Each structure stands twice: as structure tokens, then as C-alpha cells.
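**Student:** So that we are looking at the same thing, I have put the structure below in C-alpha cells.
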Amino acid sequence: MDMKKFKLLFLFCLSATLTWSQTFISGNVTDAATGEALAGVSVYQASKKLGTTTNAYGFFSLNIPENDTFYVSYLGYQTQLFVAQKQKDMLVKLAVKADLLKEVAIKAQVQKKPPLGTQYIDLKMVNSLPALGGERDLIKALQNMPGVKKGADGTVGMLVRGGAADQNLILMDDAPVYNSAHLLGFFSLFNTDAIKDATMQTGGFTANYGGRLSSVLSVTMNEGNKQKLQYSGSVGLLASRLAAQGPLFKGKGSFLVAGRISYLNKMYQMIGKELPFYFYDLNAKLNYQLSKRDQLFVSMYTGDDVLEASDADSARNIKVSSRLGNHINTIRWNRRFANQKMFSNVTVFTSNYRYFIKGEMDDNVMQINANIADLGYRFQLDHHVNNKLSFKYGSEYIHHTFIPNNTKLKGNFNENIKANDATSKQLNESAIFATASYKMNARLSAVAGIRLSAAQVSGRSYINPEPRLLLNYDLTEKHALSLSYSKMVQYMFLLSGSSVMLPTDLWYGVTHKIKPQEAHIISAGYKWQTTNHTSRIETYYKPMHNLVEYKEGSVELGASNIDDVAVQGNGEAYGIEWMNTKKFGKLNLTTAYTLSWSTRKFNDLNEGKQFYARFDRRHDFNIILQYDFSKRVQFSALWSYATGSRFTPLVGQFMMPNGNFTNIDLLPIYTSRNAVKLSDSHKLDVNLVIKNKPGKKYQAEWHIGAYNLYNQTQPYRIKTQKNSDGSYTYKQMGLFGFIPSIGYQFKF
Amino acid sequence: MKNILYSLIVLLAFGASSCTPEPIDIEIPQAPVKPVLASQFYYDSITEQNAIVFTLSKSMSALDGRRPTIDSNGFIIDYDLLIGGAQITVTLGNDEYICQEGEKGMYYAFNVALNNYNTCKVDVKDAVGKTILNSTTVAMPEISFSSVGLITEQQNKYVTYTLHDNPSEQNWYLVNYFTKQKQDSGSYSDPKYIAKRLTEQKLDFDLYTDTDFKNGTLHVKRYLGQSGFDTIAVAVSSITNGYYNFLSAQKKYGLLVNQIKGEVINFPTNINNGLGYFTVHQPKLTILVDED
């Protein structure tokens, strides 16, 4: 044997020895106080830079050298140190750390960072941020992220990377949510008492998600405290919350029930005004450990917005009532396989969004019903092959049933309102997917996947391959580059008017004529991270095809035959995003800036010429300041600035005889679509949190805040207003000025 | 607890009263002023005279507070917006008609000869002979109801009618409803009479196209109201696709839903260098008398 062969044999034996000396560990990480699974926990071996994070159900698996030490670390929890032994079914219980500031430093060293385009939402931060009327809101907190644009002031509309509001896949325990808002969009349906964690993807999409073009927001409900019975709640100016959670079946299970109700109508009554509108919602979840490796979750959400108005002063019998809401049910089964390298999740769900409007005047009654009902499943298998290679594969299927607009009339009505016995329409949407995560070397890793999606409607089928690729390259310990490509296909769409989104805007599915929407998202990013400082810059380019809009002049309460009123066209969005988070002792400063463009081009709109999207805001800047005066007193402030959104104002008018030539109508002349940019908007929101003494069984917090502290107008539309001299001028209208708030939260 | 509740209410009242931010001024360039043409082929079944009537006006700023309307004598009140002294020439097939001007901005030609599907042109010159707009359309043929009637149910008036459509071609229909059409001593040689006759007709119109027909037939029972009228005139016309789209937009623009949504509707036009719509269609009028 020559020397060269000997060396090769030696290297082979050495590498084999190294491999054999590695041990396989796996297990679950839970919160020590509540027993709830923790997602995104870092399991990390520092010296050899080996690591992973727990999945959404708290499960991890990792190969590391035997007897080496490794950390289990999570933001806000005490980091634990372990020695690697051949150990399966580990149960790591992490305790909440009293001093969060020190913990953050440890976390920054060891915790795995989210990949390009992904954000893990810190719910503690959501809770401390200022909010309209003092109501904490997950989606409004997300609106401060780079790349996410707000809709009108105070609303929960999200427009991600130049996309439309319907291009966000919002999941609650894996079930799709169709209307994520209450009270005309001013509050999201996520009760923060009922949320365990939330993750948002705006780029670098993994193949296990699809069906929308612009983002994926996956929200997981709390499982309930497995250790003790616990109550929490809040009382605010606009709404109150109450939640109870606790163990069941001798610690083998737990439950959570969380409810919320608004009483704006009652408060208005007390000051002599009328606003006959309120909402309520209820979350419930039950989980049960079927065996050491099997866990069952049952969850539900129900919520409605209710309007009940009547004209008591009128001699006529006039009543208007409406009810709209979501109803979601899921059953999930998690299984850890005996080899501990595979983890499966199966979710069966129903999701129903519907509205009902009834108007009565004397003997004339009009009723409109609309409904979208989903029945589906989602299956995913996580397969850890070794530290370099892991897979995710699975499938999903949703059977959509739509009743776009069922209108019943009794009595006599103008011919503009027509009875419509709309029959239900069906759409079957399905996908299979596979993703491989591969670490090529210490610096370069790739996540490559393919999603094969399909939709089948009466008389037509669509099949689309959706490739996904994400490359990460660590330049040094602190610096990393990323590059991603995702093709996204969307088979469902929401048709809204060009000016205003209403809760009565309806979801529709592709038809034999309306093709699926598509987007190709290319993004690149650079990330720099140290113990107290994180900075990331991402740039993206997103061409979109087959976008759907109302045909001009087709606005209706809702259309039963979508082919008659919809047109399709293309869009293009690109931009650059920067986010910076830095700690200065007790001060935490987060800044987010987006420079972006978003345009549309439809042959049948705007004379076929390109136009800006409604919320094409060139600059968007947010700065969040959080300061801990002490363990009991925290202050936060949010200053946001955004270039004005776009609007299509009236710029002329002309006389035209009506269709009978018997009177004169004054008809409008508009600018080209979205041609006018509204004035820039900016505002300052503040919030002060005062807690009772730490360590007490009864924990209480006062939240005292103000929205739009210096009462600045946030323009959302233009109207012509008559002056005192009879002339007219254009005015840009805002919705909310300075609004103070006070709230009380408790937990025991 | 009482104090807390009181504080909450005071805060809310304070917030609610102070939360309206001051609107911000903005200047927006106005659309250029353009001439506007509207046309109507008018046939009176009682006098058996026809007229093609035009109104010629100009567009105005969105900030113009004037709200033109028709007075009790049938005239458009705001004379500044009307264009008088123009010369309107209509060419129907081989025949050419020069319109007379009645009131300012209202032009008409009597007893024109229409031939189905003939090309119709209009040319409008200003007082110094310069062409300010022109347009071309097609004379649509006269059509009739297969049946039409007036019924009263519990004091509610309905008109019922049946239309037949040729499924092999695409068609668009306009149905007008008028409340009054009595014989009187007026004459169409008096331009004021035309306006008076027009304003006496108060009701509405409906639009139909092929998709509204089932197997080539359309049955309609149309509620007209409870008023004390006993004579209804119903007219049906075949119209062009372009005019159908214009009238659809006009109808939708006035709807409450559109007012709430503020939906943008840009009106189609077939006028070169101007706005409005040039149409030559022949309403077939039926008078219905409620014998009850």
C-alpha cells in the first residue's frame, strides 16, 4: 500500500470514527410553567456549530458528538446546558427567565436566526406596543415590519411586497382564515390571549405552504396550561377579554377557552350617541396525549360582527341587521415515529366565512346570504436524515364551496336589486410538496423544494409546478448572504372595489375563464448579527400574472357570476427593505424602512395603460422604541411615516340626459387610475405599562396609551368640500386623530 | 370601581370628540374642458312625428358647484354650460340633415328617414365653422314586444312584457317607461314643446342583453310604483353595444352601493374630441291604459 492510499484509508477511518462517535438526540421542549410545547427553540452545539430548532410542535432531532455539551435556548427562557448521551424522547422544560435583558444576550449567541423572508413574531413585543383604542393586535404589529404596508389608517389590511390584501395566506392552527378582521377592519380576529406563536413568511417560501402570492402568516393557538388552572383577561375602552386554561386528564391534556367582546355600542349609548355595532369571538382548544408519541389537538374559533339597527323615529318599520363572521374547527394529530427521526402532523379542518344582511321596510324584505365553506386536510412528514440533510414532504387538499350571493326579495323593489337564487359553486384545491434542507458545508446551506398544486372546477383543471429555492451563505459568524426564488400560485381571490374594501367583498375561486394568479419572487438578502444588534437588508423583484380586478363599472354588492364582472392583468413589484434592531442597555430600538414600487397593467382597465397599485407607497419608515424604566414600568413609542397612497379623484364633470332623455345626470370625469398621490402620513403612538410587584400570584398591568399623539391626519381619500363662499376645494380626509386609551390586564 | 368606570367614560368621550383630524388641502389639475354631445331619436306615436334631438354642452371642473337641472319648462338652467350657435349636420345613409337650434344648446332635425344598419354620422362645427367634434354610429332597427300589458295588484302597478331575441347574433336592448303621453295642442315646430313633452315623462329604463334571455325569450314583470297614473308608455329599442355600456355605467353610477364604495366609473364615448354618446336607435312605443 503506497502512502497516498494509506492516507486515504486513514481519512476514511477517521471520518467513520467521527461519525460513529456521534450520538443522536431527539425530544420535545416545553414551557416548564405551563407544559406547552415551544416552537423555534434553538438546540445548538456551539464549538462545532451544529444546531437545529424545534418545529411548530416543540420537537427536535440532532446528531452531535457524544459527551459534547449543547444548549437549549429560547428568548425569554433560561438557557439549559446538556451533555450529549444517546438519548431519545428527551423532555426539556424551559423556565421563564426573570431577567430578560441578560437572556437576550445568550439568545443572540446561540439561537438560530430566521431565514431570509421569515419573521418569528415576538408576542411579548406585540403586547407592549401602542395600539388603537388600547387593543393589542397581532396584525397591526406585523404592519411595522419592512415590506408590509398598511391599508387605510387603523385597519388590519396587510399589503405585502406590492401584493393585494387577498394574497396573504392566514392560517390559524393550519386552517385558512378568510376574513381576519372585526369591526370593518379595525381589529384583527386574533385574540392575543389565545395565541401561542406566529410566524410570517414574505419571501424564501418553503414548499409546504402555498395558495397565496405574497405571504404566509401561520398562527398557533395556545394549548392550555398543563400544570395549573390559570385565568387571564383584560378590560379596555373598546373590548374586554377573558381566558381560562388548565390541565385535564391527570396532566395528559389541557384546555384553553378565551373569549372577547366589544362594547363600543354600549359606550356610545352612555355618551348619547348610537353605534349599533359590536363583535365577539371565542377560541377553544383541547389537547390530549394519546401515547408517549401521539398527541391530539382539537381547536375551534367562532366570531361574529353584529349590526342591529332600526329607525325608531320613522313612522315606517325600518330595520337593518347583519351578521358576518368566521367559524373554524381543526383536529390535529402529531406523531413522533419510533426511530425519532420522523415526525408527522395531520390536520383536518373546516373553515367557514359567511355574511348575512337583512333589510326591512314595511312589508318589503331583502335578505342577502354569502358563504365560503372549506373542508380540508393537511399532512406533513418531517424527516431528519442527519445534521446535513432533512426533508419535509406531504400533501394538502381543500374542498371549497361558495355561495357568492343569494338574494331573496319579498315585496316590491327597484329593478337594480334583483333576486338571485345563486347555487353553490365548488372548487377542489390540492397540492403535494417536498422540501430538502441540505447543509453543503459549514457556510453554505440550501432549502430546495417543489410544490405541485392543482385546482379543479367544473369543466377545467389547472396544474402548476411551483419550484422553491433558498440559499444561505455565512460569510463570517456575523455576516450572511441569502438568495431565494419562489413561484407562487393562487386559486382563490377576493374582489374589492378600486377605492374601498368592505367586509362584504367576497372570495371566489378560479373558473374555466378566470385563470390562477401567479407570482415569481426573487429576493436577495444580507444579514449582520451580533449580541445586541441585528441588521438585515433584503431586496426583491416580483412579477405577477393573471391578477383579478373588477371590470370598470361592475361594482355590486357581490356578483354571483364572477366571469361577467372580473378582468385579469399583470403586476410588478420591487423594492428594498431594511430592518435594524439594537439594544442600548434598557433601551431597545427597532427601525424598519422599505423603498418599493408596485404597478398593475390590465388590458381592460385604465385604457390598457400601466398604473400604480392603490397602496404603492414609495417610502415606509417605522421606528419602535421600548424602554424599561424598571421591572415594573415599561414605555414604548412607535413613530411611523409613509408616503401617501394612491387615489383616483374626480377632476371634471359633464351633463348628460338620462336614459329616458327626461332629466339631466351629472357624470364624472376621473383621472387615470390611482394617478394622484395623497399627502404623506406620519404619527406617534405611545404606551406606558405599569405592572404590580413581580412574583405575586396575581399579576396585573395597567396600559395607558395614546394613538396619534399629535393628531396628524393620515389621508385615505379625497373629497370635494363646499366652502363658506360656495366654492369647492379638495380635502384629504383622515380617519383617526388623537385617541387616548387605558386598559387593565390581569393573570392569576 | 365607580371612579374607574367614570374615568373610562370621560376618556372615551374625550377621545371620541377629539379624534377627528383636520382635513388636508390638496391641489389637483382639472380635466380639460371638452364639448359634450348627447343624442336621442324621438318618436311620438300620437303625432306620428319623429325628431333626432341633440344637446351640446361643455364639461366643467369637479370643483364647479353648479348643478345643472331641468326647470319646469324643460330647459337646462345653466346656460353657461350649453354651446349655442353651433352647426350640427347629420348624415343618415345618403341623406344629410342640418339641425335647427331651438333653445341654446338644443338642436333637432324633424322627420328623418332611418334605414336599418345605415351608417350615421354627425359633424359639429362651432360658430366660426371649425369642427369641434364628430362621431359615427349605426342606425339600429326598430323592434317590437311580442306581448306587453299593464296590471295592477293591490295598488301596485306592473308592466309585463315578452321579448324575443335571435340567439345567433348578439343584441342589446333598451326598454323605457314613461308615465304620460297625452295628445295636446302642442306642435313640434315649437322647440319649447319638445322639451315640455320630454320632461313630462318621468319613469325609468332597463337594459338587457343576450344573457338575460332564456332560450331566446325574456319575460318581465316590472314594478313601476304605486302612483295614481293610469297611462303608461313603454318603448323598446335595439341599441349598440357601446351605448348599452354607456347607459349601464350611467345607471350604476347613481346606485347607492356605488356612492358608498366610491367606485371609479369612466364613461365610454364614441365622440371624437369630446364626451357623451351619439346613438341612433328607434324606440317602438306602446301606450298602455289601465282600464281599472
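**Student:** With a ≥ b ≥ c taken as the square roots of the eigenvalues of the C-alpha gyration tensor of the range A:133-247, please select rounded if a/c is under 1.5 and otherwise prolate if a/b is larger than b/c or oblate if it is not?
**Tutor:** Verdict is oblate for the range A:133-247.
**Student:** Output the 0 to 90 degree angle, nearest 10, between the alpha-carbon long axis of helix A:100-110 and the longest principal axis computed from the alpha carbons of chain A.
**Tutor:** With rounding to tens, the tilt is 70 degrees.
**Student:** Further, regarding this structure: Working out 0.36 nm times the residue gap between B:Q49 and B:N166, then minus their Cα-Cα distance, what length gain in nm do you get to one decimal?
**Tutor:** Values: separation 117, 0.36 × 117 = 42.12 nm, distance 2.94 nm.
Contour length minus Cα-Cα distance gives 39.2 nm.
**Student:** Count the net charge of all other residues whose Cβ sits under 14 Å from the Cβ of A:S486, scoring Lys and Arg as +1 and Asp and Glu as -1.
**Tutor:** In short, +3.
**Student:** Using 7 Å Cα-to-Cβ label points, what is the A:L409/B:V138 separation (nm, one decimal)?
**Tutor:** So the label points at A:L409 and B:V138 sit 3.2 nm apart.
**Student:** Let's test the formula: R0 of 56 Å, r as the Cβ-Cβ distance of B:Y223 and A:D680. What FRET efficiency results, to the nearest 0.05?
**Tutor:** Taking R0 as 56 Å, the efficiency between B:Y223 and A:D680 is 0.65.
**Student:** Another question, if that's okay. What number comes out for the charge environment of A:I261, summing +1 per Lys or Arg and -1 per Asp or Glu over other residues with Cβ under 14 Å away?
**Tutor:** Local charge sum for A:I261: -2.
**Student:** Can you give me the C-alpha center-to-center distance between the range A:431-496 and the range A:693-748, rounded to a whole angstrom?
**Tutor:** Cα centroid to Cα centroid, the span is 40 Å.
**Student:** Still on this model: Taking 35 Å as R0, compute the FRET efficiency from the Cβ-Cβ separation of A:N339 and A:Q80 and round it to 0.05. All intermediate terms of the calculation are to be shown ahead of the outcome.
**Tutor:** Working: r = 25 Å, r/R0 = 0.71.
Working from the Cβ atoms, E equals 0.90.
**Student:** Which of rounded, prolate, oblate describes the range A:218-747, given a ≥ b ≥ c as roots of the alpha-carbon gyration tensor eigenvalues and a/c under 1.5 marking rounded, otherwise prolate only if a/b is larger than b/c?
**Tutor:** Note, shape of the range A:218-747 comes out rounded.
**Student:** What do you get for the angle between helix A:3-21 and the principal long axis of chain A? Use alpha-carbon atoms, 0 to 90 degrees, nearest ten.
**Tutor:** 70
**Student:** Under the classification rounded if a/c is under 1.5, otherwise prolate if a/b is larger than b/c and oblate if not, where does the range A:187-333 fall, given a ≥ b ≥ c as square roots of the Cα gyration tensor eigenvalues?
**Tutor:** Details: a/c = 2.59, a/b = 1.69, b/c = 1.53.
The shape class here is prolate.
**Student:** Only sites in a loop by DSSP and with at most 14 other Cβ atoms within 10 Å count here; which chymotrypsin sites (Phe, Trp or Tyr not before Pro) in the range A:200-254 make the cut?
**Tutor:** Passing both the DSSP loop test and the Cβ count: A:F249.
Every number here is computed from the coordinates shown, using simple stated rules; none is lab data. Note that the structure is a prediction, hence the values are computed from the model and not measured. Here Cβ is always computed from backbone atoms with ideal geometry, including for glycine, and neighbour counts include all displayed protein chains.
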